[in-house]
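Here's the structure we're looking at; comments come further down.
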Amino acid sequence: MLKDQFNLIHIREVMDQLDVSRSTIDRWRKNKQLPSVKIGKEIYFDKNEVMRWYREFGQVRRTPSASSSDETLIIGYTTVSTHMWSPLIIKEFGLLEEELKRIRSKDKIEVKWHKAKDGMELINWMIAGNIHIATFGDYALSVSHLVGTLLPDFRPILLAAAGKSTNGDGFGMVVPTDLTLGSISELATLPIATTFRTNAEYRLRKMLESHNMPELNIIHRSIEESMESLRQGRLSASIMWEPFLSLVHHQKIGKSIFNQELGLGFMAGIVADERWVLAHEDLAVAYLKANLLANRLIRDQPNRVAKIFSAETGFAVEVTSLSISKIRWDAALYYKDLKMLNYFEPVQHLGQISPSKEQMEIRFNTRYLRIAAQELKLPALPLTPLDGAWQKELYY
């Protein structure tokens, strides 16, 4: 028979093997492009293709509680950078709760939000198991990965990108508007303020080392202190990032210079512990779907979300609006993103550890983002990160 010749199995056999209903199979065919063939009035599937597809795109697994259907999902976030603001939209519009009700209508899942002062606090909470999913910056992501090479019970994995900016847009050195510097060598006469043990300090030191200037006068101050010192004329230079770059320009406190020389662009990422993800795949996909919807809102309704960001951060709407316009709101992972993340070597946080190159490469998994994108009927993502430059017309 034709079906035997081409290794085809009937839809009922698929239902029996995967232990799912006919309506589930029909939904997969319609929404997730499960390959099938119709012969007469009957529907058949290639057996090998079904198993391959199911491993990749089938129902995400869930580990039910032995004692109760109640569960708590804790999301960590910080507002220290514009690149990390998408959780604010997820929270404000209830996007995660809405998705959880859809997939777990009979369960009571409480969503809690933990606002941290910075990425390092988020890492500590994740290690302790007090945060399930977090969004933090590229340097903190590198630190978390390095910690994961030392702690066997902590395996952070990158699930998707958050906000991104290109080289020269995410970071800048801010100086008074009346100060003119012709070259980086002229920084030798100035004290430069930066935040302690952050990607700002890392980028500054890498820039200075590349110009054989490692011994400059670097002082550690919070970015708020640097802002006020610049305003009062008591500081010559400070390393800043969005939204503070937009703020100093809006308030005419200073101007940014040497943006390109400070290195690569900036990218925040969505991270979870791999073991937690494996036990709660449906929750991970639900959050990524909420994030995709949040990105769409930011792109399509910038004026509306700028007001939300303003209320949360205390910055003027004009500042938040300008800042979010400089960010690419795209969850897709590109190889260029991973290359940038692997640029960091945050060993100063962990003493004299010298990890190998393989240990330092950021671990990622694109499977859950692919499922989330498919369920939202977005263009199919490949099995691996995207090649080449960011695509101008393709956003997730």
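With a 10 Å Cβ neighbour count serving as the proxy for reagent exposure, in which order, fewest first, do 227, 126, 340 appear?
Result, fewest neighbours first: 340, 227, 126.
If the chain between residue 42 and residue 29 were fully stretched, how many nm would it gain, using 0.36 nm times the residue separation less the Cα-Cα distance?
Residue separation times 0.36 nm, minus the Cα-Cα distance, leaves 3.3 nm.
Once the piece of chain linking residue 101 and residue 72 is laid out straight, how much longer is it, given 0.36 nm per residue of separation minus the C-alpha distance between them?
So the chain would gain 9.1 nm between residue 101 and residue 72.
Between the alpha-carbon centers of the stretch 205-242 and the stretch 119-183, tell me the distance in whole angstrom.
Answer, in whole Å: 19.
What are the aspartates and glutamates whose alpha-carbon lies under 14 Å from the alpha-carbon of residue 47, with same-chain residues fewer than 8 places away excluded?
4, 13, 16
Of all DSSP beta bridges located in the stretch 171-262, what percent are antiparallel, nearest 5?
60
Past 28 Å, Cα to Cα, is the threshold; run 255/307; 115/252; 106/164; 38/289; 112/392 against it and keep the listed order.
115/252; 106/164; 38/289; 112/392
Okay, helix-only estimate at 222 nm for the chain: each DSSP H run of n ≥ 4 adds -39500 (n - 2.57), divide by all residues, round to 500 deg cm²/dmol; what do you get?
Value at 222 nm, helices only: -11500 deg cm²/dmol.
Which value, in debye to the nearest 20, describes the size of the charge dipole of the stretch 180-219 about its Cα centre when Lys and Arg Cβ atoms bear +1, Asp and Glu Cβ atoms bear -1, and nothing else is charged?
Roughly 180 debye, rounded to the nearest 20.
In nm, what is the difference between 0.36 nm times the number of residues separating residue 153 and residue 17 and their Cα-Cα distance?
My answer for the length gained is 45.5 nm.
Cα centroid distance between the stretch 359-396 and the stretch 266-290, in Å?
One Cα centre to the other: 13 Å.
Size of the dipole of the chain about the Cα centre, Lys and Arg at +1 and Asp and Glu at -1 on the beta carbon, nothing else charged, in debye to 20?
Using only the charged Cβ atoms, the result is roughly 1080 debye.
With a point put 7 Å past each Cα toward its Cβ, work out how far residue 210 is from residue 251 in nm, to one decimal.
Output for this residue pair reads 3.0 nm.
Give the calculated FRET efficiency between residue 10 and residue 299 to the nearest 0.05, with a Förster radius of 56 Å applied to their Cβ-Cβ distance.
E(calc), rounded to 0.05, equals 0.80.
Give me 154, 315, 93, 136 ranked fewest to most by other Cβ atoms within 10 Å of their Cβ, as a rough exposure proxy.
The order, fewest Cβ neighbours first, is 93, 154, 315, 136.
Where in the chain are the DSSP H helices whose C-alpha atoms run 20 Å or more along the long axis and whose mean Kyte hydropathy is at least 0.0?
281-300
Computed from the coordinates by the stated procedures, all read-outs in this text should not be read as laboratory data. Here the structure is a predicted model, which is why all the values come from computation and not from measurement. As a convention, Cβ positions derive from the backbone with ideal geometry for all residues, glycine included, and neighbour counts pool all protein chains shown.
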